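Worksheet for the structure shown next.
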Amino acid sequence: MESSANRLNAIFIILTLFFASCGTTATTKGENIISSIDMGEYHLSSIEDTINKYINDVSAGMPYRKTEKEELLNDYSSLRNQINEFYEFNIDVEAYILEIKKEKIVILVGKAAGATGLGVDYWWYKCFSKNNQEPVAEFISLAKSPYSIFWNKQKNCICHMEIAKDGPYDSIKELTVTIYTKGDVFKRFHLPIEKKR
């Protein structure tokens, strides 16, 4: 039990150091990345609230703005085909604009229509720069949160966080969190889960 607490403490320190290096400052209230995951009768072990509070604090520093499809099609006409395609093949779609300096990143999040098995738990992300037809990030995650995408001032690039599992919740003991910078793995760690009592 003590080694599990030490491991969770180490994960928290890694998260603290990583997000501190991103140089975010709080300007808006964020949402909890971890709590956006629907784990049914399972939850993260004892440090869940601490991780939620920390991620909420550090991910709130970017100016994210929720938007609608019509606004995207009007303001980002160069991305019309990509936006329409995402809405066509996904359900429960949400769209956000992340403003970084003079750059605006379009964040699209949705669930693949017709997904089955483990795929039903995952959210599909596609992120575009206004001036680039190719996605700046494209990934899946158990978390549905625009704060999964953020700007790393130190490396001067977009980063994203994927949260994954290796099977149904009743057959696994942890979630895997991977943070990517410029498409490469920056950090990877595991968050233990357990059944709610």
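Expressed as a whole percent, the accessible surface of the range 140-197 that belongs to carbon and sulfur atoms is 44, based on a 1.4 Å probe.
In this structure, the residue pairs whose Cα-Cα separation is over 19 Å, taken from K101/K144; K69/K102; K111/K182; K69/K104; K101/K187, are K101/K144; K69/K102; K111/K182; K101/K187.
The label point for R197 and the one for Q133, both projected 7 Å from the Cα toward the Cβ, are 5.8 nm apart.
The values are calculated or read from the model by the stated rules, or taken from the named source; none is laboratory data. Computed from a prediction, not measured in an experiment: that's the story for all the values here. FYI the Cβ positions are ideal-geometry reconstructions off the backbone, even for glycines, and counts take in every protein chain you see. Ligands, DNA and RNA are stripped out before the accessible areas are found, and what is left, the full protein with its side chains, is counted by its heavy atoms. Shrake-Rupley method; radii C 1.70, N 1.55, O 1.52, S 1.80 Å.
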